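Each remark here refers to the structure printed beneath this line.
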Ligand SMILES: CC(C)(COP(=O)(O)OP(=O)(O)OC[C@H]1O[C@@H](n2cnc3c(N)ncnc32)[C@H](O)[C@@H]1OP(=O)(O)O)[C@@H](O)C(=O)NCCC(=O)NCCS
């Protein structure tokens with residue numbers, strides 16, 4: 001896939017993307033724990049999400065590694081989808097993999113008839129916000145004090161939307 005190679009940063013390991021099945025539930029849980037979220041996902045929860053027919057999954061695999069080094073999960077409803085979570089393993093960040101993974105995922109959503117994609121990102125999560133903006137997402141709202149943080153404080157959520165052609 002030429003468009004995938006063009007998105008890869010020079011020096012980054014070659015990567016492939018593909019849908020995930022329940023065999024990857026514990027990898028998804030481990031990656032989610034690397035996301036720095038206040039509440040981690042457990043393997044059983046990940047398996048239930050992956051098995052849910054309304055949930056669309058994609059993983060990204062670096063080199064010949066059979067296990068994903070990143071994942072994204074969205075939930076579909078009619079012609080809309082909400083991105084539930086996206087994480088790239090710490091060791092592979094800033095290699096261009098997050099953009100490749102989300103690009104592939106948005107393609108998959110578009111092929112499934114999705115026209116509008118929403119997500120919520122913690123205010124101040126600059127890497128994620130920049131990544132979403134670079135793919136065309138725009139802020140459409142804010143929810144004050146939406147996230148409970150592990151230190152007991154609260155952070156606002158920025159709601160973003162992308163209209164797929
Ligand atoms: C957000 C995340 C998925 C990005 O993945 P990544 O593979 O490192 O991102 P990429 O290398 O593809 O970078 C794509 C763009 O994102 C932005 N970006 C990524 N990391 C960044 C950083 N540390 N600071 C600022 N911008 C950053 C940049 O715009 C970058 O484009 P550029 O390299 O041309 O400047 C990753 O940082 C992550 O897993 N974070 C923890 C989990 C998380 O916060 N998920 C989002 C929850 S809503």
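The values are calculated or read from the model by the stated rules, or taken from the named source; none is laboratory data. Given the structure is predicted, the values throughout are model-derived calculations rather than measurements. Here the Cβ is made from the backbone with ideal geometry for all residues, glycine too, and neighbour counts use every protein chain on show.
Of the residues 49, 20, 73, the single one that is within 12 Å of the ligand (Cβ to nearest atom) and either modelled with pLDDT under 95 or closer than 29 Å to residue 116 by Cβ (or both) is 73.
Of 120, 80, all but one fail to be more than 20 Å from residue 29 (Cβ to Cβ), near the ligand (Cβ under 8 Å from one of its atoms) and surrounded by 12 or more Cβ atoms within 10 Å (Cβ to Cβ); the exception is 120. Within the range 12-32, the set of residues being in contact with a strand residue (DSSP E or B) (Cβ under 7 Å, 6 or more places away or on another chain) and closer than 14 Å to residue 48 by Cα comprises 20, 24, 28.
Pairs linking a residue in the range 95-114 that is farther than 16 Å from residue 78 by Cα and near the ligand (Cβ under 7 Å from one of its atoms) to a residue that is part of a helix (DSSP H, G or I) and modelled with pLDDT of 95 or more, with Cβ atoms under 6 Å and 6 or more positions apart or on different chains, are 98/131.
Per-residue answers, yes or no, for (1) part of a strand (DSSP E or B); (2) within 21 Å of residue 8 (Cα to Cα):
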{"residue": "39", "(1), (2)": "no, no"}
{"residue": "44", "(1), (2)": "no, no"}
{"residue": "47", "(1), (2)": "no, no"}
{"residue": "56", "(1), (2)": "yes, no"}
{"residue": "76", "(1), (2)": "yes, no"}
{"residue": "86", "(1), (2)": "yes, yes"}
{"residue": "91", "(1), (2)": "no, yes"}
